[in-house]
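Trainee: To start, I am sharing the structure in question, which I have written as structure tokens.
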Amino acid sequence: MTTEIATAEAQTAESILAKQNEYLWPSHILYYKEPMPLDHGKGSYVTDVGGTEYLDYFGGILTTSVGHNHPKIVERVSGQVAKLIHSSTLYPHANHVNLAEKMASITPGNLQKSYFTNSGTEADELAVMAARAYTGNYDILALRHGYSGNSALGKTLTAQAAWRIESSIVPGVKHAINPYCYRCPFKMSYPDCDIACAQDVEDVIKTTTCGRVAGMLVEPIQGVGGFITPPPEYFSIVAEIVRNHGGVMIADEVQTGFGRTGGKWFGIEQWNVEPEIMTMAKGIANGFPMGNTITTPEVADAMMGKGGLICTFGGNPVSTIASLTTIEIMEEEAPLDVIEAKGVKLRSALEGMADNSPVIGDVRGMGLMQGLEIVTDKKSKTPAPELVNSIFEATRAKGLLIGKGGMYNNTVRLTPPLNTTDDELDTAIGILTEVFAELK
Ligand SMILES: Cc1ncc(COP(=O)(O)O)c(C=O)c1O
């Protein structure tokens, strides 16, 4: 038998799924009753191997910021591939330093020094190392509904049982009670609660650590957690508590970064907090693997003399040109105020749907990062993950791809490309309206 590399075009959904089952770990999570092998994409649309086209409003988990296969990215990346694919961090490269310069110019405060890696997990790992090196403290705080990645530390920072793996848990991470107004852990209501969830951070430090922390790693709006959006004062109260105990704030912008929340480049800016460290990935390079840990010169300097750092693929010429081009396209086609306006349009349509639907318990998020928490009924707020599965199948049948998340797997997540058109938004809103009307 000759060895041939079968091209995707030569294969059917059935043959791809058969190989998936035979050769890939069963741990891979696949969306839909009949998983959907994809073939190609253009702009806001993807097409599966059977030739069916879908409006992609989850973007490969908030990653295709400016849509699939944007021609400018294809052109620049192809040019770079023809010239030099790999350099390693042992040799400086123009794309690498140009991207670092760009990152310093779009991030808030004194975040000036980047370290590029390959994923959000790596970016978070490095952020924790840097926080510990800078402060001399060890314990890291995280939130109970956060998600931080696929490594041992990433899984430990992540508190939800469904995402943890027993063999991977490492010491030095404590979890504070999550802000989650729809299901307040204290059974209080905002604003009478006096932001009790923020005060819990002090309690966690005083009762589960030695009283000093290296920092707190938080998502400005929780992604996998189901787009949980904290009260506006939450992060400034928390930042003060963390700093009073010797720690730094680490904003995990893996989902909220690059304009996703509208009006600002990064989610933490919505909450008026300047973190000492910020991590990014996903939407940073429109699908090319990349993570970045950006920090202040002081924190970056603290890593010197603490042991060598190397990342073979970090800042490679192809991913960095993809990232530079993604940001350029955003500036041209999806300015921050336009994203904000599109977010307002989507949000008001979703709120209208919620008014007319007994199963949409909560609408939350910001910008083009909007979530719907689905319940059996608004009074009991009982999570309805099976209903979310039905919504998935129904929206797929009408040509719309969506995402899900939340501790109860009952939150629909909508994250259009940042340069989605008004017509596409209308199409998605129309499909969702029909689907929720049919659920009645
Ligand atoms: C907030 C957040 N941090 C970190 C990660 C890990 O990123 P990656 O999957 O690129 O390792 C994710 C992934 O979903 C994430 O949502």
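Trainee: Can you confirm whether G247 is within 21 Å of M330 (Cα to Cα) and at pLDDT 95 or above? Break it down into steps so the answer makes sense when it comes.
Mentor: On the way: within 21 Å of M330 (Cα to Cα): no; at pLDDT 95 or above: yes.
When the stated conditions are applied, G247 does not pass them.
Trainee: Listed residues S380, S390; which is in contact with a helix residue (DSSP H, G or I) (Cβ under 8 Å, 6 or more places away or on another chain), farther than 30 Å from I327 by Cβ, polar (S, T, N, Q) and not assigned by TED's automatic domain parsing to the domain that holds G226?
Mentor: Only one candidate passes the filter, namely S390.
Trainee: I'm trying to understand the selection: among the residues of the range 383-407, which are free of Cβ contacts under 8 Å to residues at least 60 places away in the same chain and open to solvent by 60 Å² or more (accessible area, probe 1.4 Å)?
Mentor: Within the range 383-407, E386, A397, K398 qualify.
Trainee: Checking the conditions here, which among C193, C181, C197 is away from the ligand (no atom under 16 Å from the Cβ), touching a residue at least 40 places away in the same chain (Cβ under 8 Å), of a type in the set (A, V, I, L, M, F, W, C) and open to solvent by 10 Å² or more (accessible area, probe 1.4 Å)? So that I can check it myself, show each step before the final result.
Mentor: Details: C193 fails: touching a residue at least 40 places away in the same chain (Cβ under 8 Å); C197 fails: touching a residue at least 40 places away in the same chain (Cβ under 8 Å).
One residue alone meets the criteria, C181.
Trainee: Another question, then. Among the residues of the range 186-203, are any closer than 27 Å to S27 by Cβ and assigned to a loop (DSSP other than H, G, I, E, B)?
Mentor: Start the filter on the range 186-203 by keeping residues that are closer than 27 Å to S27 by Cβ, which leaves none.
Within the range 186-203, none of the residues are closer than 27 Å to S27 by Cβ and assigned to a loop (DSSP other than H, G, I, E, B).
Trainee: Being in the same structural domain as I16 (by TED's automatic domain parsing), within 19 Å of the chain's Cα centre (by Cα) and open to solvent by 20 Å² or more (accessible area, probe 1.4 Å) narrows it down to one residue among Y31, Y57; which is it? Spell out how you get there, then give the answer.
Mentor: Working: Y57 fails: open to solvent by 20 Å² or more (accessible area, probe 1.4 Å).
Being in the same structural domain as I16 (by TED's automatic domain parsing), within 19 Å of the chain's Cα centre (by Cα) and open to solvent by 20 Å² or more (accessible area, probe 1.4 Å) holds for just one of Y31, Y57, which is Y31.
Trainee: Right, next: Working carefully through the options G247, G262, find the one that is more than 16 Å from the ligand (Cβ to nearest atom), touching a residue at least 12 places away in the same chain (Cβ under 8 Å) and more than 19 Å from A131 (Cβ to Cβ). Can you show your working first?
Mentor: Working: G247 fails: more than 19 Å from A131 (Cβ to Cβ).
Being more than 16 Å from the ligand (Cβ to nearest atom), touching a residue at least 12 places away in the same chain (Cβ under 8 Å) and more than 19 Å from A131 (Cβ to Cβ) holds for just one of G247, G262, which is G262.
Trainee: Which of (1) more than 10 Å from the ligand (Cβ to nearest atom); (2) part of a loop (DSSP other than H, G, I, E, B); (3) of a type outside the set (G, A, S); (4) surrounded by 24 or more Cβ atoms within 10 Å (Cβ to Cβ) is the odd one out, the single condition V254 does not satisfy?
Mentor: Among (1) more than 10 Å from the ligand (Cβ to nearest atom); (2) part of a loop (DSSP other than H, G, I, E, B); (3) of a type outside the set (G, A, S); (4) surrounded by 24 or more Cβ atoms within 10 Å (Cβ to Cβ), the lone unmet condition for V254 is (1).
Trainee: So, in the range 221-234, how many residues would count as being within 15 Å of the ligand (Cβ to nearest atom) and either of a type in the set (F, W, Y) or within 19 Å of E331 (Cα to Cα) (or both)? Write out each step before concluding.
Mentor: We begin by selecting, within the range 221-234, every residue within 15 Å of the ligand (Cβ to nearest atom); these are 221-230.
The next check asks that each one be either of a type in the set (F, W, Y) or within 19 Å of E331 (Cα to Cα) (or both); those that pass are 227.
The number of residues fulfilling the criteria is 1.
Trainee: Return the residue satisfying two criteria in turn: it lies in the range 269-287 and is within 12 Å of the ligand (Cβ to nearest atom) and outside any loop (DSSP other than H, G, I, E, B), and of such residues it is farthest from A131 (Cα to Cα). Walk me through how you get there before you give the answer.
Mentor: Within the range 269-287, the subset within 12 Å of the ligand (Cβ to nearest atom) is 278-285, 287.
Filter again for outside any loop (DSSP other than H, G, I, E, B), leaving 278-280, 282-284.
On the way: M278: 11, T279: 12, M280: 16, K282: 22, G283: 24, I284: 22 Å.
The qualifying residue farthest from A131 (Cα to Cα) is G283.
The values are calculated or read from the model by the stated rules, or taken from the named source; none is laboratory data. Since the structure is predicted, the reported quantities are computational estimates derived from the model, not experimental observations. Every residue, glycine as well, gets a Cβ built from its backbone with ideal geometry; the counts of neighbours run over all protein chains shown. What goes into the accessible areas is simple: the full protein's heavy atoms, side chains included, and nothing from ligands, DNA or RNA. Shrake-Rupley method; radii C 1.70, N 1.55, O 1.52, S 1.80 Å.
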